[in-house]
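Q: Below is a structure I'd like to ask you about.
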Amino acid sequence: MNKFMRQSLRRVDKLDCGQIQHLFTDLVDENELLAMVTSSIDAGMIICDIDHRILHVNRPMSRIMPIMRNNHGDLHCWEIIEESDIADFIKNSLKNQDTVRDREFVLDISGRTIILRISVLPLVSEGSIKGSLIYAEDVTRQKNQEAKLRRAEGLVSLSSMTAGIAHEIKNPLGSMGIYIQLMQKMLKQGGEIQVEEILSYLDIVNEEVDRLNSIVVDYLFAVKPIDSVLIKRDIHGVLKELVDLIRKEMEFDGIKIDCHVDDYLPPIQLDEKLMKQALLNLIKNAQHAMEGGGTLTINCVLKEDHIVLSIGDTGKGIPAEEREKIFEPYFTTKDTGTGLGLTVVYKIIKEHGGEIDVHSKEGQGTTFWISFPAPQEGEKLLTYDDNPEKGVIHDV
Ligand SMILES: Nc1ncnc2c1ncn2[C@@H]1O[C@H](COP(=O)(O)OP(=O)(O)O)[C@@H](O)[C@H]1O
Ligand SMILES: [Mg+2]
C-alpha cells in the first residue's frame with residue numbers, strides 16, 4: 001500500500017463520501033494489480049501471515065501442485081497442500097523459522113512424474129518478519145533436459161572408449177595369434193611333441209584370455225549407464241566413514257590425513273555408494289603418487305551456492321602435458337594401471353550434477369576440486385515495501 005493511501009486511511013473520518021470512494025477504488029486497483037502479477041508468473045505462490053495463515057494463493061499454484069481449491073478461510077498454509085511430504089516440509093520449515101531454498105520433491109500425479117522445487121522464504125518489512133512466502137516451481141522439463149545432456153556427454157565418452165578398447169584388445173589378440181601359430185607349426189612338423197613347450201604356450205594364451213576378460217569387464221563398468229539413487233544426504237557422514245576406512249592403510253604408508261569439513265553443510269542429492277567409489281579412486285591415486293609418504297588433505301566447504309570438496313596430495317604431481325589426458329579412458333602411467341579410475345570418477349561426479357577440476361605441480365603435489373550445487377542458504381529476503389515507486393514485493 002502506498003504512503004498516500006495509508007495517510008488517507010488514518011484520517012478516514014474526515015473524508016467525504018467521494019474521497020472514500022476514490023480511496024476504495026485505488027485499493028481495489030492495487031489489489032487487482034497484485035493478483036494479476038502473481039497469477040502471471042510461472043510459479044506457484046502462497047503468501048501467509050506471521051501465524052502462517054493464508055493471505056493469498058496465486059492461480060498457477062493449483063496448476064503446479066495438488067491443493068485444495070475451496071475456500072482457504074482461516075487455514076494454515078500447509079493445510080491446503082494434498083501431498084503430505086510437501087505439507088510436512090513446509091510446516092516444519094515455518095515452525096523452525098528456517099529459510100529453505102530449492103528443496104526438490106518428486107511427485108507422481110496421475111501417472112506422470114513431476115519434479116517440484118519449493119522454497120520457504122520470510123517476508124520482511126522494516127526489519128521484522130511479517131509473514132512467509134511459499135514459492136513452488138515445476139522443474140520437470142529442466143531436469144529432463146539436464147539428464148539428456150548428461151546422456152549426450154556419456155555418448156561422447158562412449159565413442160572415445162570404443163576406440164580405446166579396440167586398441168587395448170589388439171595386444172592380447174596379437175600375442176595369442178603368435179603362440180597359436182607356433183603351436184600349429186610344431187604340430188604340423190610332426191615328430192616328437194614337446195608337451196612342456198606346448199603347455200607353456202597355452203599358459204600364455206590363458207593369461208591373455210584373462211587380460212581380455214578384465215579389459216571387457218572394466219570397459220562395461222565404465223560405459224554402462226550409472227544406476228544412481230540420489231538421496232538428500234549430509235556429505236559430512238560420507239566423508240567421515242571414508243576417512244575411517246582408509247586411516248589404517250594410509251598410516252601404514254606413512255601418509256598423514258588432514259581432513260577439514262565445514263560444520264554446517266546443506267545436504268545434497270547423493271548416491272552414497274557411488275560417491276564413496278569416486279572419492280576412493282581419487283584417494284588411491286593420491287596414495288600411489290606419494291610413494292615415500294606425505295599428506296592427504298581432504299577439505300569440504302560451502303562457497304556461495306556450491307559445496308566444494310578437494311582432495312590433495314603432496315606427491316609427485318602430474319606433468320603439464322599429461323594433465324589434459326588423465327580423464328581419458330585407458331590413459332595410465334602405471335605398469336598395472338587400468339586408466340579407468342578417473343573416467344569413472346568423472347562419470348559419477350557428472351551424475352551428481354557436479355564439476356571436477358585438477359591443479360598440479362610436478363614434484364609438489366596434486367589437488368582435485370569437485371563442486372556440487374547446493375541449496376542456497378543466504379539471507380536474501382523478500383519484503384513488502386511501502387514505496388510505490390518500487391512496487392509491492394521485491395528482492396532486497
Ligand atoms: N594424485 C595424482 N598424482 C599424480 N598423478 C595422478 C594422480 N591422479 C591421477 N594421476 C595420473 O592419472 C593417470 C590416470 O589415473 P586413473 O584414471 O586413476 O588410472 P590409473 O590409476 O589406473 O593409472 C594415472 O596413471 C596418473 O598418471
Ligand atoms: Mg587410478
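Q: Could you check, for the stretch 255-271, whether at least one of its residues is modelled with pLDDT of 90 or more and polar (S, T, N, Q)?
A: No, the conditions are met nowhere in the stretch 255-271.
Q: Residues in the stretch 87-108 that are in contact with a helix residue (DSSP H, G or I) (Cβ under 9 Å, 6 or more places away or on another chain), among the basic types (K, R) and farther than 13 Å from P266 by Cβ: how many?
A: Residues in the stretch 87-108 being in contact with a helix residue (DSSP H, G or I) (Cβ under 9 Å, 6 or more places away or on another chain), among the basic types (K, R) and farther than 13 Å from P266 by Cβ: 1 in total.
Q: Search the stretch 106-118 for residues being surrounded by fewer than 16 Cβ atoms within 10 Å (Cβ to Cβ) and not β-branched (V, I, T), and hand back the single one that is nearest to R53 (Cα to Cα).
A: D108
Q: Here is a further query. Quickly run through the stretch 5-57 and pick out the residues that are without any contact (Cβ under 8 Å) to a residue 12 or more places away in the chain and either touching a helix residue (DSSP H, G or I) at 6+ places or on another chain (Cβ under 9 Å) or basic (K, R) (or both).
A: Result: R10, R11, V12, K14, L15, Q19, I20, H22, S40.
Q: Considering the stretch 72-85 alone, what residues qualify as being in contact with a Phe, Trp or Tyr (Cβ under 9 Å, 6 or more places away or on another chain) and over 19 Å from L55 (Cβ atoms)?
A: Answer for the stretch 72-85, where residues must be in contact with a Phe, Trp or Tyr (Cβ under 9 Å, 6 or more places away or on another chain) and over 19 Å from L55 (Cβ atoms): E83, D85.
Q: Further, regarding this structure: If a residue counts only when it is surrounded by 18 or more Cβ atoms within 10 Å (Cβ to Cβ), which helices (runs of 4 or more DSSP H) contained entirely in the stretch 1-102 have at least 2 such residues?
A: Counting at least 2 such residues, we get 59-64, 84-95.
Q: Restricting the first residue to the stretch 322-341 and requiring it to be of a type in the set (D, E, K, R) and within 10 Å of ligand 2 (Cβ to nearest atom), which pairs with a second residue that is at pLDDT 80 or above and not in a loop (DSSP other than H, G, I, E, B) meet a Cβ separation below 9 Å and a spacing of at least six or different chains?
A: Correct list of pairs: K334/H288.
Q: I would also like to ask the following. Does G341 satisfy the criteria of being exposed (fewer than 14 other Cβ atoms within 10 Å of the Cβ) and near ligand 1 (Cβ under 6 Å from one of its atoms)?
A: When the stated conditions are applied, G341 does not pass them.
Q: Before we move on, is R112 at pLDDT below 85 and under 28 Å from the mean Cα position of the chain (by Cα)?
A: The answer is yes for R112.
Q: If you check G363, G378, which single one turns out to be in a loop (DSSP other than H, G, I, E, B), more than 8 Å from ligand 1 (Cβ to nearest atom) and at pLDDT 90 or above?
A: Exactly one of G363, G378 is in a loop (DSSP other than H, G, I, E, B), more than 8 Å from ligand 1 (Cβ to nearest atom) and at pLDDT 90 or above, namely G363.
Residue-by-condition table, conditions (1) more than 12 Å from ligand 1 (Cβ to nearest atom); (2) closer than 18 Å to V344 by Cβ; (3) over 18 Å from the mean Cα position of the chain (by Cα):
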position: E249; (1), (2), (3): yes, no, yes
position: L279; (1), (2), (3): yes, yes, no
position: M290; (1), (2), (3): no, no, yes
position: H306; (1), (2), (3): yes, no, no
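Q: Which one of L212, L296, L282 is under 30 Å from K170 (Cα atoms), crowded, with 16+ Cβ neighbours inside 10 Å, within 16 Å of ligand 2 (Cβ to nearest atom) and not charged (D, E, K, R)?
A: After ruling out the rest, the residue left standing is L282.
Q: Within the stretch 310-328, track down each residue that is modelled with pLDDT of 95 or more and touching a helix residue (DSSP H, G or I) at 6+ places or on another chain (Cβ under 7 Å).
A: I311, D313, G315, K316
Q: Please go through the stretch 318-338 and pick out each residue that is more than 6 Å from ligand 1 (Cβ to nearest atom) and either part of a loop (DSSP other than H, G, I, E, B) or outside the structural domain of G294 (by TED's automatic domain parsing) (or both).
A: P319, E324, K325, F327, E328, P329, Y330, D335, T336
The values are calculated or read from the model by the stated rules, or taken from the named source; none is laboratory data. Since the structure is predicted, the reported quantities are computational estimates derived from the model, not experimental observations. Note that each Cβ is placed from the backbone with ideal geometry, even for glycine, and that neighbours are counted across all protein chains shown.
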